[in-house]
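For reference, the structure is listed below as structure tokens.
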Amino acid sequence: MHPESARVTIQEGVLIDTIDGRELRYDIFTPPGAPRNAPGVLLVHGGAWMQGDPSQLRGYGIFLGRLGYVCVSAAYRLSGEAKWPAQIHDVKAALRWMRANADSLGLDPDRIAVHGNSAGAHLALMLAGTANVAEFEGNGVHPGVDTSVRACVAIYAPTELAMRSLSDAIGQLMGPGAAAEDYRAASPVTYARADFPPTMLIHGMKDELVPWQASQKMLEALERAGAAVDLHLFSGQPHAFDADSAYSRTISNLIDLFLRRYMA
């Protein structure tokens, strides 16, 4: 058991912004003690872009918080509320908010990584691949603040939006007027290049929603481009297998090792 003084401090439902009446509330996880210039991780929840909220990644916020990371689990507008690219606009706004409030959060603005699960992993990869690209920045809080990240962690990520297994959810995200080029522009593999942030991909090999080959394709695209990338495959595991805390704890330790390599 962790003594009271060694517990991660959790602030739930902190109101950051309101867009068209939709409140965007974040959960903030602060490591034990009073961190200064700690590494930070932006957590992006899944839910097929249709549902979900920041509480889904509470386990990661706690596990990574214990390892010394200031974590912010951010909300974003869902596909029933707004179509693409509203979701990446909101995630970029969350990163800008973290960077602009680095002093009060106790984090180093130059050492922020992004972590996402499922649809959140798609958004994490898109964030990593489109730093400071005007069409994806939106008009949220702290305009003009840098939206680059030092590293990216993507767990069972949809990496090409032409995939069939999530076609209904992707169709709702993109809207009825989206063309093939729009799908390509919203796919993380499109942005693979040599200066893509170091990326760790994680996938279960029995994933029934997002085939593990989606992460394999991202790995191959980043490797061809000359970027740093790791892929961890878990045999026999379905989608969302890290809902089991034994897996999320193990993955948190893998994330820590990965981020220490690239954010030291």
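Note on the chain: with charges restricted to the Cβ of Lys and Arg (+1) and Asp and Glu (-1), its dipole about the Cα centre is near 460 debye.
Here semi-axes √(5λ) of the Cα gyration tensor in Å was calculated from the structure, and among [x] 26, 21, 18; [y] 42, 22, 16; [z] 32, 18, 17 it sits at label [x]. Give, as ranges by residue number, the residues of the range 49-73 whose backbone N falls under 20 Å from the point 7 Å along Cα→Cβ of Asn37. 67-71, by backbone N distance to the label point. Amide hydrogen proximity for Asp230: with H placed 1.01 Å from N in the peptide plane, the residues at 5 or more positions away or on another chain lying under 5 Å are Thr199, Met200, Leu201. Between the alpha-carbon centres of the range 170-241 and the range 130-165 there is a gap of 13 Å. In straight-distance terms, cross-link reach from Lys92 covers every one of the lysines whose alpha-carbon lies under 24 Å from its own, apart from those fewer than eight places away in the same chain; here that gives Lys83. Under the combined filter of DSSP loop state and at most 12 neighbouring Cβ atoms within 10 Å, the range 128-228 retains these trypsin sites (Lys or Arg not before Pro): Arg164.
Our coupling estimate for the range 59-65, obtained by passing each phi through the Karplus curve with A = 6.51, B = -1.76, C = 1.60 and θ = phi - 60°, is x, 5, x, 6, 4, 6, x Hz, Gly and Pro reported as x. Most simply put, the chain has about 30% antiparallel DSSP beta bridges, counting only bridges with both residues inside it.
Rounded to the nearest whole Hz, the Karplus-based 3J(HN,Hα) values (6.51 cos²θ - 1.76 cosθ + 1.60, θ = phi - 60°) of the range 74-88 follow the sequence 9, 8, 8, 5, 8, 5, x, 9, 7, 8, 3, x, 4, 5, 6, with x at glycine and proline.
Average accessible surface for the range 1-128: 37 Å² per residue, computed with a 1.4 Å probe over protein heavy atoms with every protein chain in place.
So how much slack lies between Met205 and Arg193, counting 0.36 nm per residue of separation and subtracting their Cα-Cα distance, in nm? Provide the component values of the computation, followed by the final result.
Details: separation 12, 0.36 × 12 = 4.32 nm, distance 2.60 nm.
That pair, Met205 and Arg193, stretches by 1.7 nm at full extension.
Projecting the Cα atoms of Ile202, Gly177, Asn117 onto the charge dipole of the chain, computed from C-beta unit charges around the Cα centre, puts Ile202 farthest toward the positive end.
In the range 130-264, what percent of the accessible surface is made up of carbon and sulfur (1.4 Å probe, ligands and nucleic acids excluded)? Mind showing how you got there, number by number?
Details: 3270 of 6350 Å².
Whole-percent figure for carbon plus sulfur exposure: 52.
Per residue, the Cα convex hull of the range 112-173 amounts to 97 Å³.
Heavy atoms of the protein chains alone define the surface here; on that basis the range 161-241 has 48 Å² accessible area per residue at 1.4 Å probe size.
The values are calculated or read from the model by the stated rules, or taken from the named source; none is laboratory data. Fair warning: this is a prediction, and the values are worked out from it, not measured in the lab. With ideal geometry, Cβ positions are generated from the backbone for all residues, glycine too; neighbour counts draw on all protein chains shown. Areas reflect the complete protein model, heavy atoms only, side chains present, ligands, DNA and RNA absent. Shrake-Rupley method; radii C 1.70, N 1.55, O 1.52, S 1.80 Å.
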